[in-house]
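Only the coordinates and a few stated rules stand behind these numbers; no lab work does. Note that the coordinates shown come from a computational prediction; the quantities given were computed from them, not determined experimentally. Here the Cβ positions follow ideal geometry from the backbone for every residue, glycine too, while neighbour counts run over all protein chains shown.
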Amino acid sequence: MGKTPVLEVRGLRKSFQDFEAVKGVDFTVYEGDIFGFLGPNGAGKSTTLRMVTSLINSTAGDIRIFGLPLSSNREHILSRMGILVEKPDLYGFLSGYDNLSMLSSLNGKRASRQRIEEVIHMVGLQGREQDKVRKYSQGMRQRLGIAQALIHDPEIIILDEPSNGLDPQGIVDIRELIIRLGREFKKTVILSSHLLNEVEMMANRMVIINKGQVTVEGDVQELLGGSTIKVTISCSHPEQALKIAAETTPDVRIADGQLVLEIPKESVAKLVSKLVANQIEVQAVVPVRKLEDYFISLT
Amino acid sequence: MNLLRFELFKIFCKPRTYIGFAAIAVLVPLIQIALYIDGQTYIEFSLQNLKEAFDFQGELLNGYLASYIILATLYVHIPFLIALVSGDLLAGEAASGTLRLLVTRPISRTRLVLIKFAAAMTYTAALILFMALASLILGILIMGTGDLIVIRNTIYVFSESDVLWRLLSAFGFGLVAMWCVASLSFMFSSFASNSIGPIILTMTVIISFIVISAIDLSVFRVIKPFLFTTYMGSWKLFFEEPLALRDIWLSTGVLGLHILVFLTVTIINFKRKDILS
């Protein structure tokens, strides 16, 4: 049985006076997807997300969420969605806890203390929840922004640039949280980010938008070459290493004194062992961001 | 009720909300003390032409007269204090980015506007109530009670027992007038992305309308009945005898109609508005 579509966008258009920002966008998000929403600056990505979240009205086209038209079922649909669009602007004069409590009341029912604490733990804000938000760092605001999107246990979560303002540890924490939301809590996550390697690590499906139109939509692994991985290997004797690697894959070359190759994921460890066995010192094996290459080739 | 509480909580968490209360807390005692010190001269001056024909007895300088004078200042500074808060309700949230949080919640835009509108009306009522209580209580404490003399086209003398209800009714009417101002700035707020614009625009409209009303030209006389500011001064009708009930109801109705129109425009605009901030 096929997966159930939870968000279907068809022929979506948006014009601002003479400028057409979105020119007939179509894409589908299925239940349980972690869906990457990509595009360069000014591609129409934010405008599309704003239409999907009912912040702006479309000029033409159809948005169906949970099988229902958004235009005529707005409140019902929004009650099942958690949304963080652009930067997380919250009430600075309230504490993080009060922000969540107050905002949850707008969902129809104020969240219980237990639920608020649970969400605070999920985003890693425990211990700071009673501080006023105006004292929060950008990273903490980002975490609280994600928390407010999760507070009412929505089925679809839309996160626009969730890693913005986070330090490297914060980026890892949020990545793990998003993966957990998808795998453990079976949520559908729509993720817009300019950190392409982050999207590559998290998303199973994606759409790339450029100049107001969909350039490509599909399964991330299929689009990026499936089971192979592109890596660079820094080692002591590149010429000798090239010959050994060529026995495993034809797609190998030397660039800047490093071996650059694309091989099946399961062969990486075997190749490294083989190089070491041939007295070649392997200093580093670094995966190349395939999505970045792919993105640049399309946009 | 939860949502209204949230809105009121937000309003009363902002320092600008207290500017109105602080201004009244300073201005009312200032006027009362000034009247207490120099009020007799003020009364002598006001009645100088009448003293030849009438004999005035009793304590004319009292808390009721002070409240009447304070009531007359309502239209000078209170609209600004009200616009400061009601003009910020939608535009301020747009400027700070929190409007996105509200609009993406499962609550209709119409309901959101109505809740914010109710909060604006509650704030206005609190401010006018504070002004009424401050002027009456403080005035009575400092100068006691007494008869009230009002000089308009004719001289009205209201006995002590006949004044309090008139003052309270006039403050009540003043509240309706200030609700109209709050609705106007709230409407402007729905068009703006920062709160400065709605505040300035509200004051510009009120001052322009008052100026138009004050200049006695035939062109302006035609426009005057259509300006809501014309009806804002009808609180004075409570200090006439017999009471011009028809005119009071007409003024209340016109102001009420303006409130309704301003609210309707706000709802229609906000429902269509693209939240781009």
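Placing +1 on the Cβ of every Lys and Arg and -1 on the Cβ of every Asp and Glu, with nothing else charged, gives the stretch B:2-272 a dipole about its Cα centre of roughly 1820 debye. Between the stretch B:149-165 and the stretch B:92-120, the alpha-carbon centres lie 46 Å apart.
Working ranking of peptides B:90-96, A:241-247 by packing, defined as the average number of other Cβ atoms within 10 Å per residue, highest first, is B:90-96, A:241-247. Averaged over peptide A:142-152, the number of partner chain Cβ atoms lying within 10 Å of each residue's Cβ comes to 1.
Which value results for Rg/Rh of the stretch A:42-178 when Rg is the Cα radius of gyration and Rh the Kirkwood radius based on the inverse mean 1/r?
On the way: Rg = 15.3 Å, Rh = 15.6 Å.
With Rh from the inverse mean 1/r over Cα pairs, Rg/Rh is 0.98.
Can you list the residues of the stretch A:67-90 with backbone N under 17 Å from a point 7 Å past the Cα of A:R10, pointing along Cα to Cβ? A:67-73, by backbone N distance to the label point. Placing unit charges on the Cβ atoms of the charged side chains and taking the dipole of the stretch B:2-272 about its Cα centre, the candidate lying farthest along the positive direction among B:I149, B:V113, B:M203 is B:V113. Cross-link candidates for A:K243: which lysines have Cα within less than 21 Å, leaving aside residues fewer than 8 places away along the same chain? List returned: A:K230, A:K265, A:K270, A:K274. The orientation-averaged projected area of the convex hull spanned by the Cα atoms of the protein assembly as shown comes to 36.3 nm². Here the spin labels are modelled as points 7 Å beyond Cα on the Cα-Cβ line, and at B:I155 and A:N73 they lie 7.7 nm apart.
Give the calculated FRET efficiency between B:I223 and A:T59 to the nearest 0.05, with a Förster radius of 56 Å applied to their Cβ-Cβ distance.
Values: r = 39 Å, r/R0 = 0.70.
Result of the calculation: an efficiency of 0.90.
The phi torsions of the stretch A:282-288, fed into the Karplus equation with coefficients 6.51, -1.76 and 1.60 and a -60° offset, translate into couplings of 8, 8, 7, 10, 10, x, 8 Hz, rounded to whole numbers, with Gly and Pro shown as x. Viscosity 0.692 mPa s, temperature 37 °C: what is the translational diffusion coefficient of the stretch A:97-231 from Stokes-Einstein with a Kirkwood Rh over Cα pairs, rounded to a whole number of µm²/s? So the translational diffusion coefficient is about 202 µm²/s. Taking every residue in A:84-96 and counting other chain Cβ atoms within 10 Å of its Cβ, the average works out to 4. Considering the dipole of chain A built from charges on the beta carbon (Lys and Arg +1, Asp and Glu -1) around the Cα centre, which of A:Q142, A:M206, A:T248 is farthest to its positive end? Going by the charge dipole, the pick is A:Q142.
Percent of Cα pairs in the stretch B:2-272 per distance bin of 5 Å, from zero to the largest separation: 1, 6, 12, 15, 16, 15, 13, 10, 6, 4, 2, 1, 0, 0, 0.
Helix content alone sets the calculated 222 nm mean residue ellipticity of chain B: runs of n ≥ 4 DSSP H residues at -39500 (n - 2.57) each, divided across all residues, give -24000 deg cm²/dmol. Report the number of Lys pairs in chain B whose alpha-carbons are under 22 Å apart, with separation of 8 or more residues or on distinct chains. Count of close lysine pairs: 5. As an equivalent ellipsoid, the stretch A:166-299 spans semi-axes of 32, 18, 14 angstrom, where each value is the square root of five times an eigenvalue of the C-alpha gyration tensor, largest first. Against the main long axis of the alpha-carbon atoms of chain B, helix B:245-272 sits at an angle near 20°.
Considering only A:L224, A:G36, A:G108, the residue lying farthest towards the positive end of the dipole of chain A is A:G108, judged by Cα position with unit charges set on Cβ.
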